[in-house]
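To start, the structure under review is shown below, and the notes come after it.
Derivation of every value follows stated rules applied to the coordinates shown; laboratory data play no part. Note that this is a predicted model, so its numbers are computed, not measured. Cβ: placed from backbone, ideal geometry, glycine included. Neighbour counts: every protein chain shown.
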Number of protein chains: 2
Amino acid sequence: MINVKGKEHSCPIEVSMNLIAGKWKLLIMWHLLKKTRRFGELQKKITNVTQKMLTQQLRELEADGLVHREVYPIVPPKVEYSLTPFGRSFEPVLNMMIVWGYEYAKRFGEVSYDLSADIEPEYREVVAEKLKDNAQKTSPNETEQEKVTTSI
Amino acid sequence: MINVKGKEHSCPIEVSMNLIAGKWKLLIMWHLLKKTRRFGELQKKITNVTQKMLTQQLRELEADGLVHREVYPIVPPKVEYSLTPFGRSFEPVLNMMIVWGYEYAKRFGEVSYDLSADIEPEYREVVAEKLKDNAQKTSPNETEQEKVTTSI
DNA sequence: CGGTATCCTGTGAGATACTG
DNA sequence: CAGTATCTCACAGGATACCG
């Protein structure tokens, strides 16, 4: 059993899910992983996000200890967002998700985009190997099973 | 640009997010990763999920090509769910999320639970190393910056 | 520039009851 | 056993306007 901020979880997966649930959070963290950015910068990078949503999701990430918000008391205002040390530890997860999403899109969608520049090879290899393994494990076992019984 | 089933994505992260968004999907995949399971089995494993939600999320996973649904035409009905080859390629992502969620819970919550049994050491090491790295990178740089200007 | 403050809407998700 | 079929509602998320 896991308790995080008054919420019960039966598995660490739920913890992760709760932290990254939110339409823009992963995108935000992805952009902050590269460098510290100002609010307006993020808004330009993440097309389609409204000011309200960007603010809201950034505040949630901050409250969860993943993002640091630095306010410079100047005028006009300047606010910089960066990942906390723990936020940066999310990088492997994020990289895996990117690689996996990319592989999914190659298989089930159309991609006009090359991943190689963004992601270190080691992450691609992990997923690639899993896909190879599974191809082997999917042995010739399409023998149908069409029995009909009346009990268990 | 990425197009998956009529939906535009600017980044593979969004693809992954769309696939795993859903309160129970990760938990379902986690249980199916170990073995093929019947509907009722899943319902017992995943406490608190309603029949309706379990059915719904399983159908979405099936439509997305991640889960295979095998119906045995017997009475009483028997339906088995398993991961497709591609669904199984999600394992590295899932493991990373579990490790990361666990580390988060250790830091920001209370855990009465040991991970070691479930997850291969390699995954734990990746996150552990990231956390070490970040500890080093967080150098003594808490010098405040309290200037006030009237222009940029 | 980087926000609040409102108002509004779609839909994810729960509860409950019924069925092949 | 493994589902549908309704009904309901909270809340994530969007549009728009104003502010220090």
Here D for the protein assembly as shown, in µm²/s, from Stokes-Einstein with a Kirkwood Rh over Cα pairs at 37 °C and 0.692 mPa s, works out to 155 µm²/s
Of the listed pairs A:K52/B:K7; A:K23/B:K45; A:K7/A:K52; A:K23/A:K52; A:K44/A:K78; A:K34/A:K130, which have alpha-carbon separations greater than 18 Å here? A:K52/B:K7; A:K23/B:K45; A:K7/A:K52; A:K34/A:K130
Obtain the nm distance between the two label points defined at B:K35 and A:K52 by a simple spin-label model: each point lies 7 Å from its Cα along the Cα-to-C-beta direction. 5.0 nm
Using a label point 7 angstrom from Cα along Cα-to-C-beta, what distances in nm, from shortest up, separate B:E60 from the other copies? 1.5
Under the rule of at least 5 residues apart or a separate chain, name every residue whose amide H is placed under 5 Å from the amide H of B:K23. none
Shielding by partners for A:80-92, please: the mean number of other protein chain Cβ atoms within 10 Å of each residue's Cβ. 5
Just counting partner chain Cβ atoms within 10 Å, what average do the residues of peptide A:16-28 show around their Cβ? 5
Principal axis box of region A:86-137, alpha-carbon based, largest edge first, Å: 37, 28, 16
If you draw the axis that swings chain A onto chain B, which residue of A has its Cβ closest to it, and how far is that in whole Å? A:M96, 3
Can you list the copy-to-copy distances for A:I119, using a point 7 angstrom from Cα toward Cβ, in nanometres, shortest first? 1.9
Please turn the phi angles of region A:59-67 into ³J(HN,Hα) values with the Karplus equation 6.51 cos²θ - 1.76 cosθ + 1.60 (θ = phi - 60°), one per residue in order, whole Hz, x for glycine and proline. 5, 5, 4, 5, 4, 8, x, 9, 10
For region B:120-126, Karplus-derived ³J(HN,Hα) couplings (6.51, -1.76, 1.60; θ = phi - 60°; whole Hz; x for glycine and proline) come out as 5, x, 3, 5, 4, 5, 4
In nm, to one decimal, how far is the B:E110 label point from the A:A117 one, both placed 7 Å along Cα→Cβ? 4.9 nm
Cα point-scatterer Debye curve for region A:39-111, base-10 log of I(q)/I(0) at q = 0.12, 0.22 Å⁻¹: -0.47, -1.09
Any chance you could give the angle, 0 to 90 degrees and rounded to 10, that helix B:91-108 forms with the longest Cα principal axis of chain B? 50 degrees
What are the distances, in nm and sorted shortest first, from the label point of B:K106 to the label points of the same position in each other copy, with each label point placed 7 Å from Cα along the Cα-to-Cβ direction? 3.3
Net charge within 10 Å of B:K25 by Cβ-Cβ distance, Lys/Arg positive one each and Asp/Glu negative one each, not counting B:K25 itself? -1
Space enclosed by the convex hull of the alpha-carbon atoms of region A:1-80, per residue, Å³: 101 Å³
Report relative contact order for chain B in percent, whole number only (criteria: Cα-Cα under 8 Å, sequence separation at least 6). 16 percent
By how many nm would the segment from B:E80 to B:N3 lengthen if fully extended, with 0.36 nm per residue of separation less the alpha-carbon distance? 24.6 nm
Calculate, in whole percent, how much of the Cα-Cα pair population of region B:1-142 lies beyond 23 Å. 48 percent
